[in-house]
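Step one of this worksheet: look at the structure below.
The values are calculated or read from the model by the stated rules, or taken from the named source; none is laboratory data. Since the structure is predicted, the reported quantities are computational estimates derived from the model, not experimental observations. We place every Cβ from the backbone using ideal geometry, glycine too, and count neighbours over all the protein chains shown.
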């Protein structure tokens, strides 16, 4: 990969982390964290660590994001039942 990609990827990493904290809607924060994880996997690939990049993309972006979304949906449904 081109070593000139480090700076733009790092800037996008910081920006997506900021957005994850700034969003008030939790689903938007979860999506921002998923994007952060994908960018981190890209940075690992640029740094010539493809095994770590694959693990980060699969677990960090794929599995963790899915678990967060499932948990958020389960908590929203549960809160409606408690109010009744």
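Pairs meeting the criteria (first residue in the stretch 10-24 and over 15 Å from residue 38 (Cβ atoms), second residue surrounded by 16 or more Cβ atoms within 10 Å (Cβ to Cβ), beta carbons under 6 Å, at least 6 apart or on different chains) are 23/29. Residues that are assigned to a helix (DSSP H, G or I), closer than 21 Å to residue 4 by Cα and either in contact (Cβ under 8 Å) with a residue 12 or more places away in the chain or in contact with a helix residue (DSSP H, G or I) (Cβ under 6 Å, 6 or more places away or on another chain) (or both): does the stretch 49-56 have at least one? The answer is yes; a qualifying residue exists.
Applying the set (1) farther than 21 Å from residue 31 by Cα; (2) at pLDDT below 90; (3) surrounded by 13 or more Cβ atoms within 10 Å (Cβ to Cβ) to residue 47 leaves exactly one unmet item: (2). Per this entry, residue 30 is counted among residues that are crowded, with 18+ Cβ neighbours inside 10 Å, in a helix (DSSP H, G or I) and touching a residue at least 40 places away in the same chain (Cβ under 8 Å). Within the stretch 16-27, the set of residues being in contact with a helix residue (DSSP H, G or I) (Cβ under 8 Å, 6 or more places away or on another chain) and not in a helix (DSSP H, G or I) comprises just one member, 23.
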